Amino acid sequence: MLEITRLNLFGRDQTFSIRGRYGLLTRRGLATYEAPHLFHRENWRIIVSALYDNTADVNTFASERVEGALQAEQRYNRFTTFIYGLTFQRVSIDPIACDRPHADRVVLEAGLHRDADVYRCTRPA
């Protein structure tokens, strides 16, 4: 298992990390880049990630997965955040074990997050 993380990338508030695992039955790699101030704006954040996974079971199957994701967050105010995402995933399975050797999936998503805890008020007793 190997993990390398670089904080404050390029002298900015950005993070890049690489994680990897290599074994007889599993090979996996993950790279992530995070920029909390996209377009030099305080209310935009972006996360880009890529994953490679190759797994095998001695008797039953072998699979390979490649995935890429892009997520952007726009903080509208201190209560509301808009979330936008795009994900691509390709899964390949050993053709001997399955009639359909691979499947592709693309997901486009958008969401709204409202922080309900901000509305709670506590009074000192």
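Restricted to segment 58-80, and to residues there that are touching a residue at least 24 places away in the same chain (Cβ under 8 Å) and under 17 Å from Thr15 (Cα atoms), the residue that is surrounded by the fewest Cβ atoms within 10 Å (Cβ to Cβ) is Leu70. Give the residues of segment 1-17 that are assigned to a strand (DSSP E or B) and either in contact with a Ser or Thr (Cβ under 9 Å, 6 or more places away or on another chain) or surrounded by 10 or more Cβ atoms within 10 Å (Cβ to Cβ) (or both), sorted by residue number. Glu3, Ile4, Thr5, Arg6, Thr15, Phe16, Ser17 - these are the residues of segment 1-17 that are assigned to a strand (DSSP E or B) and either in contact with a Ser or Thr (Cβ under 9 Å, 6 or more places away or on another chain) or surrounded by 10 or more Cβ atoms within 10 Å (Cβ to Cβ) (or both). Residue count for segment 42-81 satisfying the condition of being outside any strand (DSSP E or B) and among the aromatic types (Phe, Trp, Tyr): 3.
Applying the selection to segment 25-36, what residues are over 21 Å from Val66 (Cβ atoms) and assigned to a loop (DSSP other than H, G, I, E, B)?
As a first pass, look at segment 25-36 and keep what is over 21 Å from Val66 (Cβ atoms): 35-36.
Once the filter is applied, which keeps residues that are over 21 Å from Val66 (Cβ atoms) and assigned to a loop (DSSP other than H, G, I, E, B), segment 25-36 yields only Pro36.
Take the residues in segment 80-125 that are more than 27 Å from Thr55 (Cβ to Cβ) and polar (S, T, N, Q); name whichever of them is modelled with the lowest pLDDT. Per the stated criteria, the residue is Thr122. Would you confirm whether or not segment 49-57 contains a residue that is modelled with pLDDT of 85 or more, out of contact with any Asp or Glu (no Cβ under 6 Å at 6 or more places or on another chain), surrounded by fewer than 16 Cβ atoms within 10 Å (Cβ to Cβ) and aromatic (Phe, Trp, Tyr)? Scanning segment 49-57 turns up at least one residue that is modelled with pLDDT of 85 or more, out of contact with any Asp or Glu (no Cβ under 6 Å at 6 or more places or on another chain), surrounded by fewer than 16 Cβ atoms within 10 Å (Cβ to Cβ) and aromatic (Phe, Trp, Tyr).
The values are calculated or read from the model by the stated rules, or taken from the named source; none is laboratory data. Please read all numbers here as calculations on a predicted model, not as lab measurements. FYI the Cβ positions are ideal-geometry reconstructions off the backbone, even for glycines, and counts take in every protein chain you see.
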